[in-house]
2 protein chains.
Amino acid sequence: MPTVSSEELAAAAGVNSAKLRKDFSYLGSYGTRGVGYDVEYLVYQISRELGLTQDWPVVIVGIGNLGAALANYGGFASRGFRVAALIDADPAMAGKPVAGIPVQHTDDLEKIIQDNGVSIGVIATPAGAAQPVCDRLVAAGVTSILNFAPTVLTVPDGVDVRKVDLSIELQILAFHEQRKAGEDHGGTVPPAAAHQEPGEQGPDGDVPAVMPA
Amino acid sequence: MPTVSSEELAAAAGVNSAKLRKDFSYLGSYGTRGVGYDVEYLVYQISRELGLTQDWPVVIVGIGNLGAALANYGGFASRGFRVAALIDADPAMAGKPVAGIPVQHTDDLEKIIQDNGVSIGVIATPAGAAQPVCDRLVAAGVTSILNFAPTVLTVPDGVDVRKVDLSIELQILAFHEQRKAGEDHGGTVPPAAAHQEPGEQGPDGDVPAVMPA
DNA sequence: ATGTCTTTGTGAACGCGTGCACAAAGATGG
DNA sequence: CCATCTTTGTGCACGCGTTCACAAAGACAT
């Protein structure tokens with residue numbers, strides 16, 4: 001029986017072994033003292049806890065470059081996700097196969113959701129279309145939404161939304177890059193600096209509230 | 001002079017006002033007691049600290065669906081990023097414009113990096129190509145890499161890598177979705193993972209630290 | 001069986017980040 | 001010029017998560 005100790009796992013993951021054991025203990029007592037954890041059993045238990053053993057049908061709405069990239073992404077299937085349908089507002093896309101799945105028109109959104117028992121939707125539309133699409137998804141029974149559109153979605157209570165902003169990761173890299181350069185970030189305030197930069201803010205001038213780690 | 005108080009900002013962001021003030025204080029004393037913070041000045045100072053006022057030339061390697069989606073993503077330009085070049089290994093892509101930028105061949109990678117003074121690279125290639133591309137980027141002087149390929153990259157010290165796994169966000173949604181179903185499987189989970197603050201839409205949510213491969 | 005050895009599971013201490021509460025600073029009005 | 005009011009900046013205390021350290025549990029050898 002192949003096993004691993006918490007010490008080995010902790011070293012591999014770069015975390016503290018006691019924390020790892022305590023985390024595992026929340027899932028139950030799956031280890032054997034003096035031996036460690038049965039690898040296969042542990043993987044199954046964690047997978048189950050995380051919901052990876054279930055089959056999650058998802059729909060992707062907005063089959064542009066990003067939607068197509070997501071449809072082709074191999075990581076989904078191996079993580080328990082099944083692309084139940086691709087949906088786009090462009091009639092010219094209808095029937096066209098992307099990643100082997102025929103694109104369907106937005107008109108049929110509600111029926112597609114209900115027929116497939118979909119509870120997770122991915123929005124990869126342009127910003128303007130995101131909220132209406134979101135509303136229709138929710139009305140059709142979707143309770144979790146992954147939003148790639150650059151908009152903050154408004155949803156009723158009980159619906160989860162996660163927003164993916166592809167530029168945030170770049171910002172974090174740039175932040176560290178800036179520090180590598182040895183930029184001084186001291187307390188000296190450039191006089192009247194604010195008045196030298198009148199514009200600078202785009203349509204969404206929102207700044208991350210928290211410093212990247 | 002338009003101003004905001006820490007109280008207003010905290011309410012808008014859903015955080016504690018004292019924490020917000022303390023965070024700001026690390027950047028310097030930019031507020032006026034009895035008045036608040038000069039909006040324009042504050043935006044500038046935060047932008048500067050985060051590196052948003054600098055111009056960061058980036059290259060995107062691998063112009064498939066995802067690379068094209070990134071090239072077309074409007075959020076980059078408004079955050080201080082400039083797509084200096086698109087690079088692909090397919091000779092048929094060479095010269096073809098994507099998002100108004102002609103795709104260049106991988107052969108010229110080193111020259112492109114050096115000519116444009118690029119220090120940030122984005123990898124959107126298939127998994128197999130990612131590490132070789134990464135090595136060439138690093139050798140050419142890139143010190144920050146954003147990796148969309150489903151591979152863990154090995155880099156020398158001093159080089160930052162951030163890996164974006166598009167399925168992780170879906171996993172988090174599925175995790176919460178599973179809990180909504182009210183399933184009882186005998187185990188408990190640390191409170192941090194148990195719920196997501198409503199209104200929070202981002203990748204800063206809570207995920208269990210250990211994922212099965 | 002009995003003892004030794006390994007590793008888990010967890011109580012307790014520690015450290016750090018968060019939030020409270022208030023003095024200091026500046027605005028504003030009399 | 002003084003009084004009052006608002007809001008910042010921050011010392012301090014509290015709470016929570018991380019880490020330490022060890023008893024308990026089981027494997028394994030003799």
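The values are calculated or read from the model by the stated rules, or taken from the named source; none is laboratory data. Since this is a predicted model, take the numbers as computed values, not measurements. Here Cβ is always computed from backbone atoms with ideal geometry, including for glycine, and neighbour counts include all displayed protein chains. For the accessible areas, the whole protein counts, side chains as well, though only heavy atoms, and no ligand, DNA or RNA atoms are used. Shrake-Rupley method; radii C 1.70, N 1.55, O 1.52, S 1.80 Å.
When you look at residue B:136, is it in contact with an Asp or Glu (Cβ under 6 Å, 6 or more places away or on another chain) and free of Cβ contacts under 8 Å to residues at least 40 places away in the same chain, yes or no? If you could, list the steps in order and put the result at the bottom.
Numbers: in contact with an Asp or Glu (Cβ under 6 Å, 6 or more places away or on another chain): no; free of Cβ contacts under 8 Å to residues at least 40 places away in the same chain: yes.
Here the answer is no, as residue B:136 does not meet what is asked.
Residue by residue through region B:63-76, note down the ones that are in a helix (DSSP H, G or I) and at the interface with chain A (Cβ under 8 Å from one of its Cβ atoms).
Of region B:63-76, the ones in a helix (DSSP H, G or I) are B:65-72.
Once the filter is applied, which keeps residues that are in a helix (DSSP H, G or I) and at the interface with chain A (Cβ under 8 Å from one of its Cβ atoms), region B:63-76 yields B:65, B:66, B:68, B:69, B:70, B:72.
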Per the filter on region A:9-62, residues of a type in the set (Asp, Glu) and under 28 Å from residue A:73 (Cβ atoms) are A:40, A:49, A:55
Provide a single number: the residues in region A:7-31 that are at negative phi and within 11 Å of chain B (Cβ to nearest Cβ). 16
Is it the case that residue B:88 is more than 16 Å from DNA strand C (Cβ to nearest atom), modelled with pLDDT of 90 or more and open to solvent by less than 30 Å² (accessible area, probe 1.4 Å)? yes
Step by step: first the residues of region A:32-62, then only those that are more than 8 Å from chain B (Cβ to nearest Cβ) and under 25 Å from residue A:101 (Cα atoms), then the one that is surrounded by the fewest Cβ atoms within 10 Å (Cβ to Cβ). Which residue is that? A:55
Pair list, Cβ under 9 Å, 6 or more apart: region B:36-47 residue of a type in the set (D, E, K, R), other residue open to solvent by less than 30 Å² (accessible area, probe 1.4 Å): B:38/A:194; B:38/B:30; B:40/A:194
Can you tell me which condition residue B:79 does not meet? The list is (1) of a type outside the set (S, T, N, Q); (2) free of Cβ contacts under 8 Å to residues at least 24 places away in the same chain; (3) facing another protein chain (nearest Cβ under 7 Å), and all the others hold. (2)
Go through region A:91-110 and count every residue that is out of contact with any strand residue (DSSP E or B) (no Cβ under 8 Å at 6 or more places or on another chain) and on the phi < 0 side of the Ramachandran plot. 3
